[in-house]
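See structure below.
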Amino acid sequence: GAVVSQHPSRVICKSGTSVKIECRSLDFQATTMFWYRQFPKKSLMLMATSNEGSKATYEQGVEKDKFLINHASLTLSTLTVTSAHPEDSSFYICSARGAGRETQYFGPGTRLLVL
Amino acid sequence: AQSVSQHNHHVILSEAASLELGCNYSYGGTVNLFWYVQYPGQHLQLLLKYFSGDPLVKGIKGFEAEFIKSKFSFNLRKPSVQWSDTAEYFCAVNRAKTSYDKVIFGPGTSLSVIP
């Protein structure tokens with residue numbers, strides 16, 4: 001149990017375009033989802049926390065207008081990188097946690113390359 | 001603010017050697033503690049977690065960790081490593097019993113096991 005999927009697994013886009021990444025909890029209801037960014041050989045940097053049905057809480061230094069997060073249902077959260085630039089190239093990972101649970105389950109990640 | 005430090009950036013061991021990876025956190029309240037592993041090309045997996053109770057926690061694949069509250073530490077151990085344990089290991093912490101609280105990750109320790 002506790003499977004989290006992400007789609008797409010890899011995406012290449014041109015600078016200036018927007019990219020949407022989906023995060024789904026497949027076998028449980030995720031009241032809270034987290035979005036992380038991982039640079040090569042680095043740890044995970046939390047970008048934002050989203051609770052179902054409410055606005056995401058962004059970490060300091062993360063532009064909320066650039067990284068749009070939507071958590072419209074208990075099984076789906078989306079991260080949209082708007083007007084992507086090469087410096088946005090990274091590995092984006094989501095995680096999900098069920099109501100009353102203290103363990104997060106991670107998705108496999110999405111590798112974004114902006115040309 | 002919470003923070004997590006890991007003692008070693010990169011550890012190289014021969015098969016059958018014993019492993020201990022250090023982790024310290026800074027937070028004065030009650031915490032949950034986690035160790036995650038990321039095998040090459042794979043997503044994060046939970047190795048073990050501590051919420052309360054016995055401070056010696058056993059996880060998957062023969063790993064264990066000991067929570068020492070007085071030292072703010074949660075070191076990961078394995079008596080005999082295998083080549084397949086080569087991976088990136090992340091210690092993580094969040095505040096216990098707090099709804100929607102984010103998990104903070106340490107910088108990670110890269111373990112290379114030589115056959």
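The values are calculated or read from the model by the stated rules, or taken from the named source; none is laboratory data. Remember, predicted model here, so these are calculated numbers, not experimental data. Backbone-built Cβ (ideal geometry, glycine too); neighbour counts: all protein chains shown. Ligands, DNA and RNA are stripped out before the accessible areas are found, and what is left, the full protein with its side chains, is counted by its heavy atoms. Shrake-Rupley method; radii C 1.70, N 1.55, O 1.52, S 1.80 Å.
Scanning the stretch A:8-29 for residues that are open to solvent by 20 Å² or more (accessible area, probe 1.4 Å) and assigned to a strand (DSSP E or B) turns up A:Arg10, A:Val11, A:Ile12, A:Lys20, A:Glu22, A:Arg24.
Quick check on the stretch B:24-44. Is at least one of its residues part of a strand (DSSP E or B), aliphatic (A, V, I, L, M) and more than 12 Å from chain A (Cβ to nearest Cβ)? Within the stretch B:24-44, not a single residue is part of a strand (DSSP E or B), aliphatic (A, V, I, L, M) and more than 12 Å from chain A (Cβ to nearest Cβ). For the stretch A:58-82, the set of residues classified as touching a Lys or Arg at 6+ places or on another chain (Cβ under 7 Å) and not aliphatic (A, V, I, L, M) consists of A:Tyr58, A:Thr75, A:Thr78, A:Thr80, A:Thr82, listed by residue number. Only a single item in (1) farther than 25 Å from A:Glu59 by Cα; (2) surrounded by 12 or more Cβ atoms within 10 Å (Cβ to Cβ); (3) not hydroxyl-bearing (Ser, Thr, Tyr) is not met by B:Ile60, and it is number (2). Residues in the stretch B:69-115 that are in a helix (DSSP H, G or I) and either acidic (Asp, Glu) or within 23 Å of A:Arg97 (Cβ to Cβ) (or both): B:Asp85 alone. Of all residues in the stretch A:41-86, those satisfying the criterion of being closer than 15 Å to A:Arg111 by Cβ and free of Cβ contacts under 8 Å to residues at least 24 places away in the same chain are A:Lys41, A:Lys42.
Condition check ((1) more than 12 Å from chain B (Cβ to nearest Cβ); (2) in contact with a strand residue (DSSP E or B) (Cβ under 8 Å, 6 or more places away or on another chain); (3) surrounded by 14 or more Cβ atoms within 10 Å (Cβ to Cβ); (4) part of a strand (DSSP E or B)) across all residues:
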site	(1), (2), (3), (4)
A:Thr31	no, yes, yes, yes
A:Trp35	no, yes, yes, yes
A:Ser50	no, yes, yes, yes
A:Val62	yes, yes, yes, no
A:Leu68	yes, yes, yes, yes
A:Thr80	yes, yes, yes, yes
A:Ala84	yes, yes, yes, no
A:Pro108	no, yes, yes, no
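Just so you know, in the stretch B:1-19 the residues that are in a strand (DSSP E or B) and farther than 25 Å from A:Glu102 by Cα include one that is least open to solvent (accessible area, probe 1.4 Å), and it is B:Leu19. Restricting attention to the stretch B:24-43, the residues being within 23 Å of A:Gly109 (Cβ to Cβ) and either open to solvent by 10 Å² or more (accessible area, probe 1.4 Å) or free of Cβ contacts under 8 Å to residues at least 40 places away in the same chain (or both) number 6. Of the residues making up the stretch A:86-106, those that are in a loop (DSSP other than H, G, I, E, B) and either of a type in the set (Asp, Glu) or away from chain B (no Cβ under 12 Å) (or both) number 2.
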